[in-house]
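Student: Starting off with a structure, shown below.
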Amino acid sequence: MTITRRQSAGLTLAGLMLPLTLPLGARGQTARPIRFVVPYPPGGPTDILGRVVALSLPPLLDQQIIIENRGGASGTIGAAEIARSAPDGQSFLVNASIHTIIPHLNHALSYDALADFTPVTNIASVPLMAVVTPALPIHSIADLIAYLRAHPGEVSFASSGNGAAPHLAGELFKQMTGTDMQHIPYRGSGPAIADLMAGNVQVMFDSIPSSAGAVRSGQLRALAVTTSSRASAFPELPTVAEAGVPGFEIATWYGIWAPARTPEAIVTRLQQAVARAVVLPNVAERLASLGAVAVADTPAHFAAFCRVEYERWGALVQSAHISAD
């Protein structure tokens, strides 16, 4: 989901956890630390992606980076804190694509997801993968569409929660194929995948890192990826668009925002540092291991992208009657 729809999900790899306070970029440094607020508990996908990039920034910025986890309320508690922060370049929000979706689900937010933030950059995106329980006689997207049309309303698709990318992907697939499935939300990808493997639900559009292990072990069957290009982790899989649903494209992505009215020079400095960081061999390798595609676009491009995502998914939330409950 970028303007070119490249996207970033269930990256709960404890081995990538880094220290909360990252090392100074230079001896004798006097600049105040930069604070990255991650609006989720440690160990989740946004936290891990943020840390992968943040670890590499101190030498590039000659400034310390501190990550603060402020979880709760689907990321809105941490986001609200940054919206209220001074636009002095000391505080930034690291959040997922849900930042542009949650306003359409929760109309009582204390902040405006667009007006109260200055977009810095889209760090990376992670494709989703259409997976099914092997008990079904489904081996392709065409098979899935035919099966759904032959069994309207009898198939359930899982998601990691209402309004999350796997939920929106399922609703978008239903709309674009004229099929029907029942949505079953879970509290995260882990329990959703467990029930999918057990056959309690039949379909899911899950992040590649979250479901790759089950696919490779044969516990799930992968049909296609949801981005505009094939995924390097599963190059044999077609895209959903290639497999018969032209124009279908969705993924999870992770970005950085500053408070509104943060000076352009500060925003540009951080974006340029992130762009340099994601091509460093160790960072690129770690992102690839997570199934992530580095983006690191300019603030102007990311701002336009956020607006497109906000409008696109707001329309889907409304047409599919998606709620936060």
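The values are calculated or read from the model by the stated rules, or taken from the named source; none is laboratory data. Treat the numbers as computed from the prediction; the structure is a model and nothing was measured. For neighbour counting, all protein chains shown are included, and Cβ atoms are generated from backbone atoms with ideal geometry for every residue, glycine included.
Student: Among the residues of segment 218-267 satisfying the criterion of being among the polar types (S, T, N, Q) and modelled with pLDDT under 95, which is surrounded by the most Cβ atoms within 10 Å (Cβ to Cβ)?
Tutor: Here the answer is T252.
Student: Taking segment 130-157, which residues are farther than 17 Å from E249 by Cα, surrounded by 14 or more Cβ atoms within 10 Å (Cβ to Cβ) and either of a type in the set (D, E, K, R) or within 17 Å of the chain's Cα centre (by Cα) (or both)?
Tutor: D143
Student: Among the numbered criteria (1) in contact with a Gly (Cβ under 9 Å, 6 or more places away or on another chain); (2) buried (at least 24 other Cβ atoms within 10 Å of the Cβ); (3) more than 30 Å from L220 (Cα to Cα), which single criterion is violated by F92?
Tutor: For F92, the failing item is (1).
Student: Considering only residues that are of a type in the set (A, V, I, L, M, F, W, C), in contact with a helix residue (DSSP H, G or I) (Cβ under 6 Å, 6 or more places away or on another chain) and buried (at least 18 other Cβ atoms within 10 Å of the Cβ), look in segment 44-66 and name the one that is farthest from H99 (Cα to Cα). Break it down stepwise before answering.
Tutor: At the first step, the residues of segment 44-66 found to be of a type in the set (A, V, I, L, M, F, W, C) are 48-49, 52-55, 57, 60-61, 65-66.
This time we only want the ones that are in contact with a helix residue (DSSP H, G or I) (Cβ under 6 Å, 6 or more places away or on another chain), so: 48, 52-53, 57, 60-61, 65.
Going one step further and asking which of them are buried (at least 18 other Cβ atoms within 10 Å of the Cβ), we end up with 48, 52-53, 57, 61, 65.
Numbers: I48: 17, V52: 20, V53: 19, L57: 23, L61: 26, I65: 22 Å.
Taking the candidates together, the pick is L61.
Condition check ((1) hydroxyl-bearing (S, T, Y); (2) under 28 Å from V293 (Cα atoms); (3) part of a loop (DSSP other than H, G, I, E, B); (4) in contact with a strand residue (DSSP E or B) (Cβ under 6 Å, 6 or more places away or on another chain)) across all residues:
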position: H104; (1), (2), (3), (4): no, yes, no, no
position: S110; (1), (2), (3), (4): yes, no, yes, no
position: A115; (1), (2), (3), (4): no, yes, yes, no
position: H139; (1), (2), (3), (4): no, yes, yes, no
position: G153; (1), (2), (3), (4): no, no, yes, no
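Student: When segment 55-72 is examined, which residues are found to be within 17 Å of the chain's Cα centre (by Cα) and in a helix (DSSP H, G or I)?
Tutor: Listed by number, the list is empty, since nothing qualifies.
Student: Next up: Answer with yes or no whether L105 is touching a Cys at 6+ places or on another chain (Cβ under 7 Å) and surrounded by fewer than 24 Cβ atoms within 10 Å (Cβ to Cβ).
Tutor: Here the answer is no, as L105 does not meet what is asked.
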